[in-house]
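Undergrad: Before anything else, here's the structure in question.
The values are calculated or read from the model by the stated rules, or taken from the named source; none is laboratory data. Every value quoted in this text rests on a predicted model; they were computed, and no experiment measured them. Please note: Cβ atoms are built from the backbone with ideal geometry, for glycine as well, and neighbour counts cover all protein chains shown. Ligands, DNA and RNA are excluded from the accessible area calculation, which covers all protein heavy atoms including side chains. Shrake-Rupley method; radii C 1.70, N 1.55, O 1.52, S 1.80 Å.
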Amino acid sequence: MNNFFKYGKPVFLAFLLTITSCISTVKDTNKTNDWAKQFVELKKLYQSNEADTDVSKYLSVFSSEQPWRTHHILNKIKKKEFEKWFKGEDNDVLGKLQQSSLKVIEAYSLIFEEDIKQTFSKRGEENIAEKLLLIEKMIRFSENLKYFNAINFEGLEAAISDINSKYPDQYKSENFLVQLEKIKEEYNLVEQQLLNPAANSALDLKSFVARFSVLQKEALLSNPSVNNYPIVFVTRQQYAPDHHNSATLFHTNEVNTDMYRPGGSIKIIDLKNGGKITTLLETTEGVIRDPEISYDGRKILFSMRTSIEEDYHIYEMDIDGRNLKQLTAATGVSDIDPQYLPNGEIVFSSTREPKYCMCNIHIMANLFKMEKDGANITQLGKSSLFEGHSSILPDGRILYDRWEYVDRNFGDAQGLWTMNPDGTNQAIYFGNNTNSPGGFIDARSIPGTDKVISILGSCHDRPWGALGIIDRKKGIDGKESVEMTWPASAKKLIGKGNWDTFKRVRPFYEDPFPLNENYFLCSRSIGIGEQMGLFLIDIFGNEQLIYTEAPGCYDPVPIRARNKEYSIQDKRNYKSETGKFYVQDVYQGTHMKGVKRGTVKYMRVIESVEKRSWTIPAWNGQGVHRPAMNWSSFECKKIWGTVPVEEDGSVYVEVPADKYVYFQLLDKDKMMVQSMRSGTMVHSGETMGCIGCHDDRRTAPPSIPSQVAQALMLPPQQLNGWYGAPRTFGFAQEVQPVLDKNCVACHDYGKKAGEKLILAGDRNPFFNAAYIDMYLKKVIKPIGAGPAEIQEAYSWGSHPSKLIQMLQKGHEKVTLSEEEMERLITWIDLNAVYYPDFISAYPNNTAGRSPISQQDLNQLGKLTNTNFGALGGMHRKLRAQITFERPALSPCLKNIKNKNSNEYKEALSIITKGKIQLAQTPRLDMNGFIPSETDKKRIDKYMYRQKEEQRNRAAIQEGEKHYDPEMVNTKQQ
Amino acid sequence: MKKIFYINFLLLILSFTACSYEGKQTMSPTQIVTSKTQHKLFVADETANCITIIDLENATVSEHIKLDGKPGGLVLSADETKLFVTLAIPQGRLLEIDIATKKVTRSLKVGHTPLAPVITTDGQSLYLSNQFNNNISKINLSSFAIEATADADREPVDIALAKNTNTLFVANHLPSGKANADYHSAKISVFNASTLDLLKEIPLPNGSNALSQIAVSANEDFAYVTHILARYNVPTNQVERGWINTNALSIIDVKNASYLCTVLLDDLDRGAANPYDVACSADGKSIYVSHTGTNELSSIDAEKLHSRIENISKGTQPTLYASSLKEIQNDLSFLQGVRKRIDLKAKGAKGIAINGDQVFISMYFSGSIAKVDCGKLNSVKHIELGVQPKPSQARLGKMYFGDATMCKQNWQSCVSCHPGDARVDGLNWDLLNDGIGNPKNTKNMLLAHATPPAMITGIRASAKVAVRAGIQHILFTHQPDEIADALDAYLSGLTQVPSPHLIDGELSSAAKRGKQLFKTAKCVKCHSGPYFTNLKSYNVGEGTGLEEGRKFDTPSLIESWRTAPYLYDGKAQNIKEVITTYNTNDKHGRVSNLTSEEINDLVAYVLSL
């Protein structure tokens, strides 16, 4: 399908004139008079062919050659209508185009009255070209008009005087101000002239706007802060639309490899030298991305993929394009977003820990660092999804965007985080609990301020969106802290709608690079399809195109030497054992309202385990689970242990290194009081501390009435699992036995209590009966994939769970042992999870879990008049319909009245087939599970990468160097 | 490296631009006063031992008044004909200088290290603080004699006079009391200005220390005092989160002589370390604070600040974090929109003087006076005091010791815990070098290099090792060797300050008796040699909790008169407690058979060292 129709909604008008003046001057010379003819020819060509030929094909040929017209004329009306016109079924399309153009220019339409009469009085097709040209003229006029109306003298004037105050010797502000004064005078004249039908208004308007644009361009681009240095940038196609803004890798041997769009280059523009363009490196099959300049201004660091068969590796070369050197080369690994660190090392994002996003099947990346020659690559971040776009704050911390979710929804869980260059001291920076925008992406520190500029993007979009300046002094979430946005209108979308609200923003901005506190480079859409141009934007409201070329320009970075940021000392020992974590006082901080001192007795350390494999068939939770994991949330949990919280609220615990863990506070009954709903980690050798739970990162710790927290006066607590060694949590393994022993005698099929609630463990294609019923009957209160905001204490989990309340009150003669009760409670507090891993025995069957095939399930559905498709998600209405353990008790069979019928027998035999299948190949919720072959392959790759990581860490410890083994095969140029 | 270049560069510039002054004396301007009638600045210089007079008309040095010792503070008489200067030396003096003749007209012997002369409007009386006598004196300027002396708390370093209420607000540099107490903080002492009766002691938030300067607003509604607000309850790895030493301005309600609140001068990710001086503009609109650690000037909008504080006390300030006056002291974004930070582009910001629309800040290490235009805060100019000679390694070390720009996010410098020429802050800190949860009292850096090993636990083999570990684990940074070497040079070159317990430089008779007891009680067994330590570790039974049974390094007793509290966790408020209360089974000196008088003699001796 043609992407112009999908994405190119014509809304770029306000900013378009910059383009019309730049682009049209280039292209018009050759094609102005031809395009309408070309279009007419196209129509004739189409009509001469067979009737069922695809119209889109012709339009797509046209749009690639005439992007401006495609965008502004073809998209004015619906594609279907154009198809009709193309096919000769509707002759009034041009009339509609004319109408819509007239609407825009309102009072000024009288200017075109005469022309309209002339062209449209002629019937027939022979003067289509003439009509189209008139329509183009009207559209241009309307755009000129919009631009005219939007002319911002104040903004330009403010910028000129600001530049002058900074560079009084280098900048010719007087020239510009004189010209500006002249243009201001003309403005009123032109405005009056426009309504004079006798005058050639469109031309007047165009030339006026063009003159203003020339002045604007000259005044803004002779700003020494932008033109004193050449700017490096890349050209490439915009990443194909895919699952999430982090899906830009199109990794080999992964689900979206064939979405890879090759072609591009790395170039330099020198504004001092008349905007001279130098190409450093070009590729037709590859993609070049993410350039950065070394501190001495002499080297370019970037990521490049040479073809669809290869993945991205990190390269470095001199700024003249010489001495290209490959730094990384791991097979089946994408290395992107490299960034120089002040200690001489390089941080980058990589898929070296091959794992997948939990709400789909896309490979994810974490931050890694390496020495400057590519040696000793080691993992910095372990958060369970994506870590990208690192930049360095003046204080030496790495600022990056992190997509993570623990017991919360997928869409808006992308905020800005910081860590030290050795991966220690991971902390939230901004926006992780803001529901919209879906992601704060690609932030950089603004020199001379405490602020950053960031993309305000969407979840299901490319890594673009609005831009915003964030001052987190005003809060670490929400609208208040976003000082200004580009476009200005985007500000009102903050906090509104959901994770995709920012898809509405036009134009799109990407790759912000702050030059100083007032001026920023970025790449921005220019209104022609998805083409991006390099822009200089400023806080005065000016947005000046610097340069554009097809298919698009990205990543502008000035080539200049700069000071190194602060250098923070290392704390890791690289032994991959443990680190320590303390909390000063769990009662400190927000969202502990109503929790009395003394309530919290324990802290539980839980790991949110990474997803190492996936299936295509899915369960629809709050987002897709591939394979089915839980009713609503996405994760797999592992309890590392539970440690006491001291009287004063302090905890001190030794935590395994390199694990993505979170903490829950428990009361005397080991019931959850509050949960973190985000993750953290310690590196080996690191001691990390928090003041309280959900402590406000803008405050220093309050004084406590003792010299040190109680917990710190003892050695760190050891984690010792949970009723056995630490293991991932499976409902069938950990909880079902409690139900079997205490509940199933009544709550079973054929029993009266079973009509209310089935607690039997009979497996069905998705989970088991008890699991489905407890969710359907709402006797538990997990938060599922809950909202972005931090939740109040006691608001979810075992405390508000009906099941637990009833059992505590006393239910019939049920008496649960302490352990049995704790198993139920803990399961609910773990967000009522089901499967203990993302691997599967049945990757090709329904939900990735069913022992019987989709075909069999369809047949069973027909026979029993049951829509199994509708049962494949958390919105299902029906209770469990199949029991593989006791096929004859399967509720769906009730739909077949005649138990002796062939239908009944066939249905029963399908279910029985499942029973036999499960006995042969046990599922993950059974003993004896064996992963599928695909899982094994993915796990093997994971394990290989883990070994490489250990080799690198050993090398760091020994003071040696270990490189990607594939490096020996790369030819150093 | 960068910093060295910077300084050298600065010196180079100075050598070209400044006029020379008596050869090659290093200049270290501290306090400044302005003469409005003569349009002059009088600058006290701590290493050139002089008062430098700057003519503001042409912004040049016009004259120097040479002194016999280092000036501590200075004040002009109301008619601006006389300048009173204290000599901050053990045998402290107050000098009266005739401005016309530049001659010392009268000289008065006062206490140990006199500072902060303040004069009454009628010109009758002058107040000063004797830092190491822990007291203040009132001088009758007619008779030029001490009229009264009164005890402050510990190391009074600045005095502010509130004329309307006839009260003196005295900033005590350090906390007194036990370091392991629930509350441990330096105070403001309030005196009746006529009688020197102690009216009140105003406690500041827990952890307040290194109080520096205090100033009263033009309308005398408020007094402002600069200090560090130490978060000593949390382990020191929390510097990573931007704390440990936060930098504060406490506000006192003058009329009621009561504490109002404490405002943090730091930003969220950027400390404003080591606030030194504070000055209020005559129009009441601005408060200026100099930051020695970051070489900055804070310009605070006083009206906005107080309306914000008022809104918080009324509960009408919804968008900020702090929701009560008490929470302000923890709010790192409280000053947003209220304060501007100005980089003074030279090293060692200290004393402030305001003259009309101009603010002058002395730059201790650069040897210049920064001039900031109130209307145009970003333009900083410098008046050079002369040709600053190339700094010695020790002087560079002193500069690095106070340089918070070396620390991650500029939160603190070495001085933050070792104020007063690398001495002590009186607090216990939980450094991670010996595990967590076992805070230790700050040690004096005097003789640290001469008495290995270092740290109370002796965990670092030498002070050199400790200096390098401190850069890594307290400042959280890598620095080139030159910096650590310079720090070594500075610290090993520190000189002992004579004890205020000496009488004319000699042991008192009690101390003489104590000297004998020091031997007989076997103190000398471990506290032996020139530095009163045999450099070995012992378990004298003081350890409790995680430290029970632990051996500790024998500390030097030199300057123990100024290093209270004592023992590894500062549990002993004074030396007497060390040898009695916390001396179980005579393990820390055989004193159980001594009379109480003998104990006092022994204490007197130790405090005289």
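Undergrad: Mind listing whichever residues of region A:463-486 are more than 11 Å from chain B (Cβ to nearest Cβ), in a loop (DSSP other than H, G, I, E, B) and modelled with pLDDT under 95?
TA: Initially, region A:463-486 is screened for residues more than 11 Å from chain B (Cβ to nearest Cβ), giving A:463-470, A:477, A:479, A:482-486.
With in a loop (DSSP other than H, G, I, E, B) added as a condition, the list becomes A:463-464, A:477.
Scanning region A:463-486 gives a single hit, A:Asp477.
Undergrad: What number of residues within region A:65-80 satisfy the criterion of being part of a helix (DSSP H, G or I) and within 19 Å of A:Leu133 (Cα to Cα)?
TA: Qualifying residue count for the region: 10.
Undergrad: For B:Glu147, which of the numbered conditions (1) without any contact (Cβ under 8 Å) to a residue 24 or more places away in the chain; (2) in contact with a Pro (Cβ under 9 Å, 6 or more places away or on another chain) fails to hold?
TA: (2)
Undergrad: Name the residues in region B:468-517 that are under 23 Å from the mean Cα position of the chain (by Cα), away from every other protein chain (no Cβ under 14 Å) and not in a loop (DSSP other than H, G, I, E, B), would you?
TA: Scanning region B:468-517 gives B:Ala486, B:Leu487, B:Asp488, B:Ala489, B:Tyr490, B:Leu491, B:Ser492.
Undergrad: Could you grab me the full set of residues in region B:243-270 that are open to solvent by 10 Å² or more (accessible area, probe 1.4 Å), part of a loop (DSSP other than H, G, I, E, B) and more than 10 Å from chain A (Cβ to nearest Cβ)?
TA: Those that are open to solvent by 10 Å² or more (accessible area, probe 1.4 Å), part of a loop (DSSP other than H, G, I, E, B) and more than 10 Å from chain A (Cβ to nearest Cβ): B:Lys255, B:Asn256, B:Ala257.
Undergrad: Tell me which residues, restricted to region A:823-861, are open to solvent by less than 20 Å² (accessible area, probe 1.4 Å) and assigned to a helix (DSSP H, G or I).
TA: The answer is A:Leu824, A:Ile825, A:Thr826, A:Trp827, A:Ile828, A:Asp829, A:Thr846, A:Ala847, A:Gly848, A:Leu857, A:Leu860, A:Gly861.
Undergrad: For region B:168-205, name all the residues that are outside any loop (DSSP other than H, G, I, E, B), over 30 Å from B:Val234 (Cβ atoms) and either within 14 Å of another protein chain (Cβ to nearest Cβ) or open to solvent by 30 Å² or more (accessible area, probe 1.4 Å) (or both).
TA: Correct list: B:Asn192, B:Leu198, B:Leu199, B:Lys200.
Undergrad: Tell me which of these A:Ser795 doesn't satisfy, since it passes every other one: (1) open to solvent by 10 Å² or more (accessible area, probe 1.4 Å); (2) touching a residue at least 60 places away in the same chain (Cβ under 8 Å); (3) under 25 Å from A:Asp696 (Cα atoms).
TA: (2)
Undergrad: Within region B:538-585, how many residues are within 14 Å of chain A (Cβ to nearest Cβ), on the phi > 0 side of the Ramachandran plot and crowded, with 19+ Cβ neighbours inside 10 Å?
TA: Selection size over region B:538-585: 2.
Undergrad: Hey, among the residues in region B:215-230 that are open to solvent by less than 10 Å² (accessible area, probe 1.4 Å) and more than 14 Å from chain A (Cβ to nearest Cβ), which one's farthest from B:Gln329 (Cα to Cα)?
TA: Step by step, filter region B:215-230, then rank; the result is B:Ala223.
Undergrad: Further question: Taking into account only those residues within region B:411-437 that are assigned to a helix (DSSP H, G or I) and at negative phi, which is nearest to the other protein chains (Cβ to nearest Cβ)?
TA: Only one residue fits best here, namely B:Ser416.
Undergrad: Cβ-Cβ distance below 6 Å, separation of 6 or more or different chains: which pairs start in region A:697-725 with a residue that is within 12 Å of another protein chain (Cβ to nearest Cβ) and closer than 24 Å to B:Arg231 by Cα and end on one that is acidic (Asp, Glu) and surrounded by fewer than 14 Cβ atoms within 10 Å (Cβ to Cβ)?
TA: A:Pro705/B:Asp182
Undergrad: Continuing with this model, one more query. Determine whether B:Tyr276 is among the aromatic types (Phe, Trp, Tyr), open to solvent by 10 Å² or more (accessible area, probe 1.4 Å) and either within 20 Å of the chain's Cα centre (by Cα) or modelled with pLDDT of 95 or more (or both). Explain how you work it out, then say what you get.
TA: Numbers: among the aromatic types (Phe, Trp, Tyr): yes; open to solvent by 10 Å² or more (accessible area, probe 1.4 Å): yes; either within 20 Å of the chain's Cα centre (by Cα) or modelled with pLDDT of 95 or more (or both): yes.
Yes: the conditions hold for B:Tyr276.
Undergrad: On to the next question. If I ask for residues that are closer than 21 Å to B:Asp343 by Cα, hydrophobic (A, V, I, L, M, F, W, C) and more than 14 Å from chain A (Cβ to nearest Cβ), which ones from region B:271-304 would you list?
TA: B:Val278, B:Ala279, B:Cys280, B:Ile287, B:Val289, B:Leu297, B:Ile300, B:Ala302
Undergrad: While we're here: Looking only at region B:337-365, which residues are free of Cβ contacts under 8 Å to residues at least 40 places away in the same chain, under 30 Å from A:Glu480 (Cα atoms) and either more than 11 Å from chain A (Cβ to nearest Cβ) or buried (at least 18 other Cβ atoms within 10 Å of the Cβ) (or both)?
TA: Selection gives B:Val338 alone.
Undergrad: Let me ask something else. Could you list, in sequence order, all residues of region B:231-242 that are closer than 15 Å to B:Asp269 by Cα and at the interface with another protein chain (Cβ under 7 Å from one of its Cβ atoms)?
TA: Start the filter on region B:231-242 by keeping residues that are closer than 15 Å to B:Asp269 by Cα, which leaves B:238-242.
Within region B:231-242, B:Gln238, B:Glu240 meet the criteria.
Undergrad: Go through region A:257-268 and count every residue that is touching a strand residue (DSSP E or B) at 6+ places or on another chain (Cβ under 9 Å) and either among the polar types (S, T, N, Q) or within 17 Å of A:Glu549 (Cβ to Cβ) (or both). Spell out how you get there, then give the answer.
TA: Our first condition is that a residue be touching a strand residue (DSSP E or B) at 6+ places or on another chain (Cβ under 9 Å); within region A:257-268, this holds for A:260-268.
Restricting the remaining residues to those that are either among the polar types (S, T, N, Q) or within 17 Å of A:Glu549 (Cβ to Cβ) (or both) gives A:261-268.
Going through region A:257-268 one residue at a time, the tally reaches 8.
Undergrad: Please enumerate the residues belonging to region A:221-235 that are under 17 Å from A:Gly264 (Cα atoms) and among the aromatic types (Phe, Trp, Tyr). First the steps, then the outcome.
TA: Kept after step one, since they are under 17 Å from A:Gly264 (Cα atoms), are these residues of region A:221-235: A:231-235.
Within region A:221-235, just A:Phe233 meets the criteria.
Undergrad: Give me the residue from region A:512-571 that is aliphatic (A, V, I, L, M) and within 14 Å of chain B (Cβ to nearest Cβ) and, out of that set, farthest from A:Lys451 (Cα to Cα).
TA: So in region A:512-571, the residues aliphatic (A, V, I, L, M) come out as A:515, A:521, A:526, A:528, A:532, A:534, A:536-537, A:539, A:545-546, A:550, A:557, A:559, A:561, A:568.
Okay, now just the ones that are also within 14 Å of chain B (Cβ to nearest Cβ), so A:561, A:568.
Details: A:Ala561: 22, A:Ile568: 20 Å.
Among them, the one singled out is A:Ala561.
Undergrad: Collect the residues in region A:433-460 that are assigned to a loop (DSSP other than H, G, I, E, B) and either on the phi > 0 side of the Ramachandran plot or buried (at least 24 other Cβ atoms within 10 Å of the Cβ) (or both), keeping them in residue-number order. Don't jump to the end; show me each part of the working.
TA: Going through region A:433-460, the residues assigned to a loop (DSSP other than H, G, I, E, B) turn out to be A:433-438, A:446-451, A:458-460.
Matches in region A:433-460: A:Thr434, A:Pro437, A:Gly438, A:Gly448, A:Ser458, A:Cys459.
Undergrad: Please verify whether region A:864-877 includes one or more residues that are of a type in the set (D, E, K, R) and surrounded by 19 or more Cβ atoms within 10 Å (Cβ to Cβ). Reasoning before the result, please.
TA: Step one: of region A:864-877, the residues of a type in the set (D, E, K, R) are A:876-877.
Filter once more, so that each one left must be surrounded by 19 or more Cβ atoms within 10 Å (Cβ to Cβ): A:876.
There is at least one residue in region A:864-877 that is of a type in the set (D, E, K, R) and surrounded by 19 or more Cβ atoms within 10 Å (Cβ to Cβ).
Undergrad: Check region B:239-251 and report whether any residue there is among the polar types (S, T, N, Q) and farther than 26 Å from B:Glu303 by Cβ. Quick ask: steps written out before the conclusion?
TA: So in region B:239-251, the residues among the polar types (S, T, N, Q) come out as B:245-247, B:250.
Okay, now just the ones that are also farther than 26 Å from B:Glu303 by Cβ, so B:245.
Within region B:239-251 (the criterion being among the polar types (S, T, N, Q) and farther than 26 Å from B:Glu303 by Cβ), the answer is yes, since at least one residue qualifies.
Undergrad: Provide a single number: the residues in region A:396-420 that are within 14 Å of chain B (Cβ to nearest Cβ) and either free of Cβ contacts under 8 Å to residues at least 60 places away in the same chain or surrounded by fewer than 24 Cβ atoms within 10 Å (Cβ to Cβ) (or both). First the steps, then the outcome.
TA: Of region A:396-420, the ones within 14 Å of chain B (Cβ to nearest Cβ) are A:396-399, A:416-420.
Keeping just the survivors that are either free of Cβ contacts under 8 Å to residues at least 60 places away in the same chain or surrounded by fewer than 24 Cβ atoms within 10 Å (Cβ to Cβ) (or both) gives A:396, A:398-399, A:416-419.
Of the residues in that region, 7 qualify.
Undergrad: Continuing with the same structure: Would you check which residues across region B:316-334 are within 22 Å of B:Tyr259 (Cβ to Cβ), part of a loop (DSSP other than H, G, I, E, B) and open to solvent by 10 Å² or more (accessible area, probe 1.4 Å) and list them?
TA: Once the filter is applied, which keeps residues that are within 22 Å of B:Tyr259 (Cβ to Cβ), part of a loop (DSSP other than H, G, I, E, B) and open to solvent by 10 Å² or more (accessible area, probe 1.4 Å), region B:316-334 yields B:Thr316, B:Gln317, B:Leu320, B:Tyr321, B:Ser323, B:Ser324.
Undergrad: Please tell me if A:Gln707 is open to solvent by less than 40 Å² (accessible area, probe 1.4 Å) and more than 17 Å from A:Val643 (Cβ to Cβ). Steps first, please.
TA: Numbers: open to solvent by less than 40 Å² (accessible area, probe 1.4 Å): yes; more than 17 Å from A:Val643 (Cβ to Cβ): yes.
So A:Gln707 passes the test.
Undergrad: Would region B:454-463 turn up any residue that is within 13 Å of another protein chain (Cβ to nearest Cβ), open to solvent by 10 Å² or more (accessible area, probe 1.4 Å) and not charged (D, E, K, R)? Quick ask: steps written out before the conclusion?
TA: Applying the first criterion (within 13 Å of another protein chain (Cβ to nearest Cβ)) to region B:454-463 yields none.
No: region B:454-463 contains no residue that is within 13 Å of another protein chain (Cβ to nearest Cβ), open to solvent by 10 Å² or more (accessible area, probe 1.4 Å) and not charged (D, E, K, R).
Undergrad: Follow-up. Read through the list (1) more than 14 Å from chain B (Cβ to nearest Cβ); (2) touching a residue at least 40 places away in the same chain (Cβ under 8 Å), then give the number of the only condition that A:Phe440 fails.
TA: (2)
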